[in-house]
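Student: Just dropping this structure here.
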Amino acid sequence: MDRLLTLLDENARLSVKQLAAMLGKTENEIEDEIAAYEKAGIIRGYKALINWEKVDKNKASALIELRVSPKRERGFDEIANKIMQFEEVESVYLMSGGYDLAVKVHGKSMQDIAMFVMRRLSTLDSVLSTATHFILTRYKDGNVILNTEDEKDERRSVLCD
Amino acid sequence: MIDYERMLNSEVKNMKPSGIRRFFDIASEMDHVISLSIGEPDFTTPWHVREEGIRSLEDGKTWYSPNRGFLELREEICRFLKRHCHLDYEPKTDIVVTVGGSEAIDLTIRSLIEPGEEVLIPEPSFVCYKPLTIASRGVPVVLETKQEDQFRLTAEELKSKITPKTKLLILPYPNNPTGAVMRRENLEAVAEVVEEHNLFVLSDEIYGELTYGDYRHVSFAEIGGMKERTVLVNGFSKAFAMTGWRLGYAAGPKEIIRQMTKLHQFGIMSAPTTAQYAAIEALKNGDGDIISMRDQYDLRRRLIVDGFNEMGLSCFEPEGAFYVFPCIKSTGLSSEEFCEKLLYSEKVAVVPGNAFGDCGEGYIRVSYSYSIRHITEALSRIEHFLRTMPGDRNA
């Protein structure tokens, strides 16, 4: 895997200078590589990983399993494109297995999400059925462990006793 | 009342406790200290290795192992040494599994050294060689290594300290605390002197797998004619992030290993059984773990070397272990003063270089066995410390 992408994936706030030192390249080379990744659409953006539960208590999210009937020629793309336009929708995946689309949705409350599913999702033409799973607690999200205090370093010096 | 002073063994009594103890005592009582002082991996042991340890406990494998260690483990150690260092050892006779590399060092010195015989110890280096030599009634003789030689041991320095009483040379490379490595040509130059003066060598290669850049670790035993004069010490702590399991080994001529095994048998019996089962898994399927941890250390190494050079503390580029050893002479402070002031004003803990021998004065040991976030924070505090130090050192 590309080491520059891996580093940015872990921490997008590392400076060009730091990245250059770590990867043994010049700052110009790093800037060019990042620009090329952005241009090619490989780097799609930079955002903070926020534990919203600590900030906003009025936030709910759910994973919704959708069974849909694919359209001739366009398969699942058409319905997926439609669903991803909703502001409430965080992610849309086409899945193998017992259902077709997995949709992650957020809202102010569970009630809010339920209304969205009832009024907007299940009424879409090709949607056959929905199953809504509310997320109760996030333990780990986007590779980051949430809801824990910084782990204490329990290593100790063996030089002094 | 018992007069303990008179009861105690005088060699042990006179062993100096590490001089930096006071310094660590202060650090441990302060809040929000950010440390770059620890000398062990920040990774936990790879899961598949831990799992084998757990499985052995579930299966009730809680008995002693053979004194030398399980044969299967010794076979895997031999395969590892063959794979990584092109060395051929015989599992039945040439290996003893020990409680950490440290026990292997102790056994080697005790099996070889007669009272009054001299042991050559390059410094700066880890702190155990001198006291263990003294405990065997041997005489430690310091070989100074210098930044201008990339902290490598030179044949000239070695020759200058050899006397008729010299028996053993210790080769602690890759080196803690400097991060120096000995390249093949450096080892060859040393080997010539070793051969000429009929010395034995204890090659402490515990950091061997943590060698960076294009250069790969060369064991001293690989150098022509040296295998029969070398006890090679390695272990699982650094390469596989297994410090707490306490497992190491010595590989060497069977005549020496046999004597070491006797001491091990009477003093220790056998190394921990659970750790040995985990270690078999580490050697069988852990080469990938070594590579991915080494890659992580390498990124941090480059980051921290660049950071120190950038803030004007000249930093020798280490090629092994996970320490940098920047020179702080430009600040006009001694190593201990520097570390103490840094601790009080910025709450960053690093280790004074003189803890590793007098010639480490003027340097500090900084470990990069920490996350990148942790390292960047510590570097910016050290930078702030230098910038706000009273008296303009750049004037």
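Student: With a cut-off of at most 15 other beta carbons within 10 Å, and DSSP calling the residue loop, which chymotrypsin sites (Phe, Trp or Tyr not before Pro) in the stretch B:210-261 qualify? Please list them.
Tutor: Sparse-neighbourhood loop chymotrypsin sites (Phe, Trp or Tyr not before Pro): B:Y215.
Student: Additional query: If you wrap a convex hull around the alpha carbons of the stretch B:158-262, what volume per residue comes out, as a whole number of Å³?
Tutor: It comes to 122 Å³ per residue, whole-number rounded.
Student: Relative to the first principal axis of the alpha-carbon coordinates of chain B, what is the inclination of helix B:287-310, with its axis defined by its Cα atoms, in degrees from 0 to 90 and to the nearest 10?
Tutor: Its long axis makes an angle of about 20 degrees.
Student: Hey, got the average number of other protein chain Cβ atoms within 10 angstrom for residues in A:14-24?
Tutor: The mean count of partner-chain Cβ atoms within 10 Å per residue comes to 5.
Student: What accessible area per residue, rounded to a whole number of Å², is obtained for the stretch B:1-119 using a probe radius of 1.4 Å?
Tutor: Here the residues of the stretch B:1-119 average 58 Å² of exposed surface.
Student: How would B:T62, B:T178 line up by accessible area, probe 1.4 Å, largest first?
Tutor: On the way: B:T62 95, B:T178 0 Å².
Order by accessible area, largest first: B:T62, B:T178.
Student: Within the stretch A:53-138, count lysine pairs with alpha carbon atoms under 25 angstrom apart where the residues are 8 or more positions apart or belong to different chains.
Tutor: Total qualifying Lys-Lys pairs in the stretch A:53-138 comes to 11.
Student: Next up: Using heavy-atom solvent-accessible surface (probe 1.4 Å) with all chains present, what is the largest-first order of B:D358, B:D42, B:D88?
Tutor: Correct descending sequence by accessible area is B:D358, B:D88, B:D42.
Student: Which far-off residues, 5 or more places away or on another chain, put their amide H under 5 Å from the one on A:I43, with H placed in the peptide plane?
Tutor: When sequence neighbours closer than 5 places are left aside, the close amide H contacts are A:E38.
Student: Given springs between every Cα pair under 10 Å in a Gaussian network model of chain B, which of B:G357, B:G69, B:G225 has the largest fluctuation?
Tutor: Result for chain B, Cα springs under 10 Å: B:G225 fluctuates most.
Student: Sticking with this structure for a sec: Given a 1.4 Å probe, show me the residues in the stretch B:273-318 buried by at least 30 Å² of accessible surface when comparing the whole protein assembly to the chain alone.
Tutor: B:L299, B:R302, B:L303, B:D306
Student: Leaving ligands, DNA and RNA out of it, rank B:D306, B:D204 by accessible area with a 1.4 Å probe, largest first.
Tutor: Numbers: B:D306 50, B:D204 15 Å².
Largest accessible area first, the residues go B:D306, B:D204.
Student: Which residue fluctuates the most in chain A, going by a Gaussian network model with Cα springs under 10 Å, if the choices are A:G98, A:G41, A:G107?
Tutor: Comparing A:G98, A:G41, A:G107 in a Gaussian network model of chain A, the most mobile one is A:G41.
Student: Please give the per residue accessible area of the stretch A:53-138, computed with a probe of 1.4 Å over protein heavy atoms only, in Å².
Tutor: Normalised by residue count, the accessible surface of the stretch A:53-138 is 65 Å².
Student: Taking only the alpha-carbon positions of the stretch B:213-295 and ignoring solvent, what does the Debye formula give for the base-10 log of I(q)/I(0) at q = 0.16 Å⁻¹?
Tutor: -0.80
Student: Additional query: At q = 0.05, 0.10 Å⁻¹, what is the log10 ratio I(q)/I(0) for the protein assembly as shown, with the Debye formula run over Cα points and no solvent?
Tutor: -0.29, -0.94
Student: Please report the buried accessible area for the interface of B with A, total over both chains, probe 1.4 Å, in Å² to the nearest 100.
Tutor: Using a 1.4 Å probe, the pair buries roughly 1800 Å².
Student: Now for a different question. Of B:K13/B:K329; A:K25/B:K341; B:K92/B:K167; B:K161/B:K227; B:K16/B:K61; A:K152/B:K329, which sit over 29 Å apart, Cα to Cα?
Tutor: B:K13/B:K329; A:K25/B:K341; B:K16/B:K61; A:K152/B:K329
Student: Quick query: amide H of B:R365 versus all other amide H atoms, modeled in the peptide plane; which residues come in under 5 Å with a sequence gap of 5 or more or a different chain?
Tutor: Hits under the 5 Å cutoff: B:V351, B:G353.
Student: I would also like to ask the following. Please give the helix B:273-285 orientation as an angle from the longest Cα principal axis of chain B, in degrees from 0 to 90, rounded to the nearest 10.
Tutor: On a 0 to 90 degree scale, this one is about 80.
Student: Sticking with this structure for a sec: What residues have an amide H closer than 5 Å to that of B:V141, excluding those fewer than 5 places away on the same chain, when H is modeled at 1.01 Å from N in the peptide plane?
Tutor: Long-range HN contacts for B:V141: B:V119, B:L120, B:I121.
Student: Where a ≥ b ≥ c are the square roots of the eigenvalues of the C-alpha gyration tensor, would you call chain A rounded, which needs a/c under 1.5, or, failing that, prolate if a/b is larger than b/c, or oblate?
Tutor: Oblate, since a/c reaches 1.5 and b/c is not below a/b.
Student: Now for a separate question. Please report the accessible area of A:W52 (heavy atoms, 1.4 Å probe, ligands and nucleic acids excluded) in Å², nearest 10.
Tutor: We get 120 Å² for A:W52.
Student: Still on this structure, I have one more. Write down the Å³ per residue value for the convex hull defined by the alpha carbon atoms of the stretch B:1-80. Intermediate values should be presented prior to the final figure.
Tutor: Details: hull volume 24.3 nm³, N = 80.
Convex hull of Cα atoms, per residue: 304 Å³.
Student: Then there is this: What are the semi-axes of the equivalent ellipsoid of the stretch B:47-285, taken as the square roots of 5 times the eigenvalues of the Cα gyration tensor, listed largest first and rounded to whole Å?
Tutor: 30, 20, 15
Student: In whole percent, how big is the carbon plus sulfur part of the accessible area of chain B, probe 1.4 Å, protein atoms only?
Tutor: 49
Student: Provide the net charge surrounding B:V351, with neighbours chosen by a C-beta distance below 11 Å and charges set as Lys +1, Arg +1, Asp -1, Glu -1.
Tutor: Result for the neighbourhood of B:V351: 0.
Student: Mind checking the angle between helix B:184-196 and chain B's longest principal axis? C-alpha axes, 0 to 90 degrees, to the nearest 10.
Tutor: It works out to around 60 degrees.
Student: Which whole-number percent is the relative contact order of chain B (Cα, under 8 Å, 6+ apart)?
Tutor: After rounding, I find 23 percent.
Student: May I ask for the net charge around B:R301, where only other residues with Cβ less than 12 Å from the Cβ of B:R301 are counted and Lys, Arg are +1 while Asp, Glu are -1? List each step's numbers first, then the result.
Tutor: On the way: positive: B:R294, B:R300, B:R302; negative: B:D295, B:D298, B:D306, B:E317, B:E319.
My count for the surroundings of B:R301 gives -2.
Student: Sticking with this structure for a sec: Expressed in nm², what is the orientationally averaged projection area of the convex hull enclosing the Cα positions of the stretch A:53-138?
Tutor: Across all orientations, the stretch A:53-138 yields a mean hull projection of 5.7 nm².
Student: GNM, chain A, Cα, under 10 Å: largest mean-square fluctuation among A:E65, A:E53, A:E73?
Tutor: It is A:E73.
Student: Another question, then. In whole angstrom, note down how far apart the Cα centers of the stretch B:115-182 and the stretch B:199-227 are.
Tutor: So the separation of the two Cα centres works out to 15 Å.
The values are calculated or read from the model by the stated rules, or taken from the named source; none is laboratory data. Quantities reported herein were computed from a predicted structural model and do not represent experimental measurements. Neighbour counts are summed over all protein chains in view; Cβ atoms, including those assigned to glycine, are modelled from backbone coordinates with ideal geometry. Note: areas computed on protein heavy atoms with side chains; ligands, DNA, RNA excluded. Shrake-Rupley method; radii C 1.70, N 1.55, O 1.52, S 1.80 Å.
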